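What follows is a set of notes on a single structure, which appears directly below.
The values are calculated or read from the model by the stated rules, or taken from the named source; none is laboratory data. This structure is a prediction, so every number in the text was calculated from the model and none was measured. Positions of Cβ are generated from backbone atoms using ideal geometry, with glycine treated the same way; all protein chains shown enter the neighbour counts. When the accessible area is computed, the model is the full protein with side chains, heavy atoms only, and any ligands, DNA or RNA have been set aside. Shrake-Rupley method; radii C 1.70, N 1.55, O 1.52, S 1.80 Å.
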Amino acid sequence: MKLVSSLPPLFCCFVSFARSMTVDRGFNGMKDRVITLGRGYSPAAGTLHSTCLRSSEPDTAVRSTIPSFDYEYFFHSFRHSASRISNFTASSAEERDEYNPQRWSDFAFYHRMRTEMEDPTSESRNFMASVIRVQMYYASAREEDTVLVDDARDLLDKGQHVEFLQACGPQYIRTVNRFKELAALFSYTSHLTATTGLQPQGFMESFGDLVNDFSTSRRSPRTSTRMDALLAQEYQDIDHNDVNNTRALIRVSKDAHFSQLRIQIFGFGLALNPDAEGSLNARTWQDLDKVMNYGFQAMANPYTGVVRSVEVIPWTTHIAFHRGMRFDVQIRDMDVCYRETSATCSGKRCMVDNNPTDCQNVCYVQNDNDPYDCRDGASCDPTAMPCYAENTSDVLTFTYAYEQNVNCAHRDPTRALATFAVFDEQYYRTNTEEQMNECPATQDPSIRVEETEFPAFLRQLNLMANAEQIVNMDMVSREAFNANDRLNQCLTVLYSYTDANLDRMFVLNRRNPVRLDRYLDLDPTNGDTTDDIIVREDFTDALGALRLKRLLTGDECLQGNATNCNLCAVNATESVDDCILRPRRYLSGRLLLNAVDYMRHFYRPCMGQLTDSYLGIPGDGMYTRHWTQLDACRDVKCMVQGTTWDNSTNSCVLPTHHTVQGYQPMSAQDLMESYCMPEFRNVEGTVQ
């Protein structure tokens, strides 16, 4: 192995790999994932990893650019009959477009308004909505100001590249896109009679003008007075002409009363600022003024908001990682050897008495054994100096003779090549070669060794691909063990009840909820037979808790009503006469053995080949070999979550839902995803 210092700049060879991707799946609106710049991510597995970047200042998080933003504000008012909910769904197309459920405040408004309009105690509900939306552009990490955290850098310095990728992921989050919303929903019930002379539409317009004043923070000193006047319940005679002309003070009589005013504030992606004065609670119209001011301050922070998407980029594009991996140092690849098969020479030949002779062992100093080197085609010419035989005073008849196309292969037994003046300008040689499978341990003049350097760009490409492979294997193996843990936790809950109690309860299907009437129509004991085969009705009908316990226990000894169990010997590893291996009797044991088999037969051999040495550098397989080149890693079925190892074929087997078209849930894994952790319903359909 040979390390050669690289002449190009540090970052010249990996610009083409600086391709990022934008990911929104698993991030858009998710509140159960902590998104920070510099945190590791695997696009193939969809998993988040540790945050391995920080600011160059100690104990400081990654700084980002201050993003631009788009701003949207709207105010909307409408009226509907509570007795006819269809009025809401039959509103104008413009209103339906305004209340797009894809927006968080719209979704909240929809459910609040629907609940209130279905209230049978009121005759009419009126709504006004004020919404401020801020859509941020991408905030990007300032990469010139970021460094690897100390622990991550130590892993690279020690050559623990696999450990770094397992901890930090194959890629990291460079930019984040966020949005925020602040919304206020006003609802009230009003009964406007003819004695007031006010029409509902006019009342709503006046009310809307006042709300709009608050929502846009453009309030005059008279705003609160006008609002108080509008909402006053005292009786006062109204001059209709004055109302129509000024629209400044509107009094509502007791006959045209205003009741059940509700103010609801919704904030999404706001910054928590304990030092700021105010809150998001409004009990009076004066409080609404403070709410809007506080809300604007909470939206002003450019680094907060609900995450919509992120941009991820490979670690190989970061200068600190590039330096830690020593991509600026070129690695000598395996030598390639070529064996000469034929050769011809043309030029001057050393001749004594017209016979070809070795140019290096023909002419000597008089009475000496120290020869001249005659390969330059001129030094031994008789006109320049006499040619003496070895240790004598005898002069030899030496000449240079020009010959063409003489067979002069290295392996030629006549050693014709040694008779040519190879340093003369008229000499030239042509040959043919064949590549050898491997280079010999000893030197051979007939073999040419060609030294090659492993391309830096190929090292980066292999590293990124192998990193995703490792993270995928980690995910599959971790999920296999987690499935066994979930099963045991689920069984712990089920076994904490007596069979008599379980026999009176159903279990809620979390993945595909069953209609409530199915719980009322069925008896929990229905279908709870001694049959341990999972059937379609276990997912389409209400499932009894006792049957779930039996299915998840998965005792292979229970075959119908049989009580005899054909168990293998205690230490048996193979089934003889269809006996049941003891570790595989229960479902929990079978899941655990599947996970262990995957680790033993695929994960471990693959990791061994990935971290093996191929060019004399410990662990260089991570970047000198692609996982598809390695026999232990190339089974792509082993990369699918839920796969199991089949010892009979020495390969992975895909889960059933990956191989059967129109597959219906029928496996123990489907049972766990649908019913664990168990939530019970009694025979009346109520939650226990």
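On the basis of being part of a loop (DSSP other than H, G, I, E, B), open to solvent by 50 Å² or more (accessible area, probe 1.4 Å) and β-branched (Val, Ile, Thr), does Thr649 make the cut?
Yes.
Which one is modelled with the lowest pLDDT, of the residues in the stretch 447-473 that are in a strand (DSSP E or B) and not basic (Lys, Arg)?
If we take residues in the stretch 447-473 being in a strand (DSSP E or B) and not basic (Lys, Arg), then Glu453 is modelled with the lowest pLDDT.
In the stretch 461-479, is there at least one residue being without any contact (Cβ under 8 Å) to a residue 40 or more places away in the chain and of a type in the set (A, V, I, L, M)?
Checked the stretch 461-479: no residue is without any contact (Cβ under 8 Å) to a residue 40 or more places away in the chain and of a type in the set (A, V, I, L, M).
Quick check: is even one residue across the stretch 414-434 modelled with pLDDT of 90 or more, touching a Leu at 6+ places or on another chain (Cβ under 9 Å), open to solvent by less than 30 Å² (accessible area, probe 1.4 Å) and among the aliphatic types (A, V, I, L, M)?
No, because not a single residue in the stretch 414-434 is modelled with pLDDT of 90 or more, touching a Leu at 6+ places or on another chain (Cβ under 9 Å), open to solvent by less than 30 Å² (accessible area, probe 1.4 Å) and among the aliphatic types (A, V, I, L, M).
Determine whether Asn355 is at positive phi and exposed (fewer than 14 other Cβ atoms within 10 Å of the Cβ).
So Asn355 does not fit the description; no.
Going through the stretch 612-631 one residue at a time, which ones are touching an Asp or Glu at 6+ places or on another chain (Cβ under 9 Å) and of a type in the set (Val, Ile, Thr)?
Passing the criteria: only Thr624.
From the list Thr492, Thr442, which one is out of contact with any Pro (no Cβ under 9 Å at 6 or more places or on another chain), open to solvent by 80 Å² or more (accessible area, probe 1.4 Å), free of Cβ contacts under 8 Å to residues at least 24 places away in the same chain and closer than 30 Å to Met672 by Cβ?
Thr492
With the stretch 237-346 as the region, which helices (runs of 4 or more DSSP H) entirely inside it contain at least 2 residues that are modelled with pLDDT of 70 or more and open to solvent by less than 20 Å² (accessible area, probe 1.4 Å)?
Per the criteria, 285-299, 319-324.
Anything in the stretch 661-688 that is surrounded by fewer than 19 Cβ atoms within 10 Å (Cβ to Cβ), in a loop (DSSP other than H, G, I, E, B) and modelled with pLDDT of 85 or more? List them, or say none.
If the condition is that a residue be surrounded by fewer than 19 Cβ atoms within 10 Å (Cβ to Cβ), in a loop (DSSP other than H, G, I, E, B) and modelled with pLDDT of 85 or more, then Met677, Glu679 are the ones that fit.
Looking at this structure, is Asp597 of a type in the set (Asp, Glu) and either at pLDDT below 85 or more than 21 Å from Thr649 (Cα to Cα) (or both)?
No.
Matching residues to (1) in contact (Cβ under 8 Å) with a residue 12 or more places away in the chain; (2) farther than 24 Å from Asn488 by Cα; (3) hydroxyl-bearing (Ser, Thr, Tyr); (4) assigned to a loop (DSSP other than H, G, I, E, B):
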| position | (1), (2), (3), (4) |
| --- | --- |
| Asp555 | yes, no, no, yes |
| Ala569 | no, yes, no, yes |
| Ala595 | yes, no, no, no |
| Phe602 | yes, yes, no, no |
| Cys606 | yes, yes, no, no |
| Tyr614 | yes, yes, yes, yes |
| Ile617 | yes, yes, no, yes |
